[in-house]
Amino acid sequence: MKVLIIEDEKELVENIKAYFSRGDMVCEAALDFAEAQEKLLSFDYDVVLLDIMLPDGNGLNLLRLLKQIRPETGVLIISAKNALDDKVEGLELGADDYLTKPFHLPELNARLNAIYRRRKFQGHKILEFGDIRVNTDNHEVFVKDMPVILTIKEYELLLFFITNKNRALTKQIIAEHLWGDDADFLDSFDFVYQHIKNLRKKITAADGADYIKTIYGLGYKFSEE
Amino acid sequence: MNLITKTTLLYLLVALLVFGFGGVVTYVLVENEVRKETDFALRDNLNQVSEELAEGIPLSVLKRGKVDISDLGEMARDTFFIYSDTLAPHPYLEGVMEPYRKLTAVRKVGARYYGFSITDVFIETDDIYDVVVEIMSRLFLILGVAMLFFSFLITRLLFRPFQQTLQQIRSFRLKEAEPLQLPDTTTKEFRQLNTFLTQMAAKARRDYLAVKEFSENASHEMQTPLAVAQGKLDLLLETQGLSDEQLTLVQAIQQSIGKLSKLGKALQLLTKIDNQEFSSQAPVNFSRITEASLEHFSELATLKDLQMSSRIEPNVQISVDPVLADILVGNLLKNAIRHNGQGGWIAVELTSEKLVVRNSGKPPRVPTEQLFGRFQKSHATDGSLGLGLAIVKKIADASQFTVDYQFSEGAHQLTVGFA
């Protein structure tokens, strides 16, 4: 997956690059409007990460330009503004998703992959991990080719684990992924635990391996090891 | 009562006093003048008669209706002029007495003394009084009519710039960019007022923008460094060989960053509501908003084993900003879930008059009305920011709703009144 990060905060760009360096992503960065415009005109990207507040221009204009020349490119807007107007305008202009700062890198990863799947494979992407197969088109999950029925939250959790495989995920990151702004509940960590417990039970009941490793005091890691 | 009517009435009252007092003065002056003139005429008459007497004209000829002369011989003495008022029968009208002015004096003409007594008709004080009252009341009437008429004209002409200024201020909106356009006027006071108002409006707008900008910037500029810190921690977690202790520390930092970010957003929302940035007042379907919110939170309620029941009157239309309505209902439900115990209950009722959210939970430790304040928490240990109800209150104030928090018989009841 080829990604262009348009973001003026250098450290943030470094974070994203470092995080994605472990996956199969190729990341390029543009630190201002002019550079971004040049790169968008010259190269082809799968997904563009777009900060709409740039020092030398409005990111929404880059979005307009991109949708004119390469409408098939996926766009994920990242913004410090939580303003509804910006969100609506961005999505109306053709952005695929909107992520408010600050965000967790696993969350960013999950969103980027979701856009990539939608754009590149029109959703017909089969994700595989060990014995598990997920059809992201119709949300079907198979363990050793046996269908497993998951609730919506369990499915989201599984997808989040697979896209962030072999990465340490704190309960907070998982809670925020599942419930967004509502995750600030005292007991949301207990809720995460309940969902994990159920998901683990369903996978092992279908004779799948227990991929969900508990990291004591931190959270979980989805891995084959 | 407007200013002009008030001043006109006051002027008329003052005029009434002045005319009353002026009438008394006029009456006294005229009466004195008349008396003086009458007395002068009487003395003149006496002198003339005494001259005629000296010329040798016989007494019988000189004695007329109003002149009486008596020969006092050679052994009398001169006296002063003595004036007196007296009554005498009217010359033509029978039985009517008239006031007369009478002059009596003893004068020496030639070698003899004569006693003179001359009377003259005196203008009645009644008549003077009548005339003065008549003049004064007519003048007052003319003045009154003129003042009413001119005050009407003045309101129209002189006060036009003032009216325009009022009109402009009434339509002044802080949020709009166009400057306050006040009419030019030649009246010094209005010019001062307009200058003052223009300056105040500009200052208010500057302050408003400054606050708006500050709160926006504070929130935005805060989020990016937080995003950087958050990302660094995510990367730190990726590294190998962190001890359990270190992992716990990282997680605690992550939670604090998350809380800080939410705090910024919540404070920004409060400021935005204060700045009336949500001002749509079109009617929205409150039933649908409430149902959507209930649906949204049903999972969290289920996870906490809460019994949720609702009675939603269909199609309740309320004039409120849709974003604020959503936040209002969301915060109430979140609050009801958060401050509830495992296995508790929540009951939501919506009618066209009010939205009532009732839930089980521990009794509040502070008076319920204080919980609408910022950073007020009933139980200090929970993870909430303490801004949820402050936002509810702020939205209610901005939307002209009432909010009420009651706790009785183990149930918290929050009521939002729409009327």
Cβ-Cβ under 7 Å, sequence separation 6+ or interchain: first residue in the range B:223-236 and over 9 Å from A:Phe103 (Cα atoms) and within 7 Å of another protein chain (Cβ to nearest Cβ), partner part of a helix (DSSP H, G or I) and of a type in the set (Phe, Trp, Tyr). Which pairs? B:Asp234/A:Tyr19; B:Leu235/A:Tyr19
Name the one entry in B:Leu303, B:Leu324 that is at pLDDT 90 or above and either surrounded by 17 or more Cβ atoms within 10 Å (Cβ to Cβ) or within 14 Å of chain A (Cβ to nearest Cβ) (or both). B:Leu324
Since B:Asp39 meets every condition but one in (1) assigned to a helix (DSSP H, G or I); (2) under 30 Å from B:Leu143 (Cβ atoms), which condition does it not meet? (2)
Cβ-Cβ below 7 Å, separation at least six or inter-chain, first residue in the range B:239-264 and within 16 Å of B:Leu387 (Cα to Cα) and within 9 Å of chain A (Cβ to nearest Cβ), second surrounded by 16 or more Cβ atoms within 10 Å (Cβ to Cβ) and of a type in the set (Asp, Glu): which pairs? B:Lys262/A:Asp184
Within the range B:134-147, track down each residue that is surrounded by 15 or more Cβ atoms within 10 Å (Cβ to Cβ) and not small (Gly, Ala, Ser). B:Met136, B:Phe140, B:Leu143, B:Met147
Can you tell me which of (1) among the small types (Gly, Ala, Ser); (2) closer than 26 Å to B:Phe278 by Cα; (3) in contact with a Leu (Cβ under 7 Å, 6 or more places away or on another chain) is the one B:Gly258 doesn't meet? (3)
Mind checking which residues of the range B:1-40 are among the polar types (S, T, N, Q), crowded, with 16+ Cβ neighbours inside 10 Å and more than 30 Å from B:Asp71 (Cβ to Cβ)? B:Thr8, B:Thr26
What residue, of B:Thr125, B:Thr155, is over 30 Å from B:Met1 (Cα atoms), among the hydroxyl-bearing types (Ser, Thr, Tyr) and either at pLDDT below 85 or touching a strand residue (DSSP E or B) at 6+ places or on another chain (Cβ under 7 Å) (or both)? B:Thr125
Answer residue from the range B:280-303, given it is more than 41 Å from the chain's Cα centre (by Cα) and small (Gly, Ala, Ser) and is farthest from B:Leu350 (Cα to Cα) among those: B:Ala301
Would you check if there is a residue in the range B:41-50 being in contact with a helix residue (DSSP H, G or I) (Cβ under 7 Å, 6 or more places away or on another chain) and surrounded by 14 or more Cβ atoms within 10 Å (Cβ to Cβ)? yes
Which ones in the range A:76-95 are away from chain B (no Cβ under 12 Å) and in contact (Cβ under 8 Å) with a residue 40 or more places away in the chain? A:Ala95
Expected single match for more than 24 Å from A:Phe103 (Cβ to Cβ), more than 11 Å from chain A (Cβ to nearest Cβ), touching a Lys or Arg at 6+ places or on another chain (Cβ under 8 Å) and not aliphatic (A, V, I, L, M) among B:Gln281, B:Gln276 is B:Gln276
Expected output for the range B:361-382 (first residue within 14 Å of another protein chain (Cβ to nearest Cβ) and at pLDDT 70 or above, partner surrounded by 16 or more Cβ atoms within 10 Å (Cβ to Cβ) and outside any loop (DSSP other than H, G, I, E, B), Cβ below 6 Å, 6+ apart or cross-chain) is B:Gly361/B:His412
Please find, within the range B:77-110, the residue that is modelled with the highest pLDDT out of those that are of a type in the set (Phe, Trp, Tyr) and surrounded by 10 or more Cβ atoms within 10 Å (Cβ to Cβ). B:Tyr83
Within the range B:53-63, is there a residue that is in contact (Cβ under 8 Å) with a residue 60 or more places away in the chain, assigned by TED's automatic domain parsing to the domain that holds B:Val109 and part of a helix (DSSP H, G or I)? yes
Output the number of the condition that A:Leu31 fails; it satisfies all remaining conditions of (1) under 25 Å from B:Asp234 (Cβ atoms); (2) without any contact (Cβ under 8 Å) to a residue 40 or more places away in the chain; (3) under 21 Å from the mean Cα position of the chain (by Cα); (4) surrounded by fewer than 22 Cβ atoms within 10 Å (Cβ to Cβ). (3)
Here are A:Asp46, A:Asp56: which of them is of a type outside the set (A, V, I, L, M, F, W, C), more than 14 Å from chain B (Cβ to nearest Cβ) and in contact (Cβ under 8 Å) with a residue 60 or more places away in the chain? A:Asp46
Given the residues A:Ile215, A:Ile196, A:Ile152, which is the only one that is within 14 Å of chain B (Cβ to nearest Cβ) and loosely packed, with under 15 Cβ neighbours inside 10 Å? A:Ile152
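The values are calculated or read from the model by the stated rules, or taken from the named source; none is laboratory data. Keep in mind the model is a prediction, meaning the values are calculated, not measured. We place every Cβ from the backbone using ideal geometry, glycine too, and count neighbours over all the protein chains shown.
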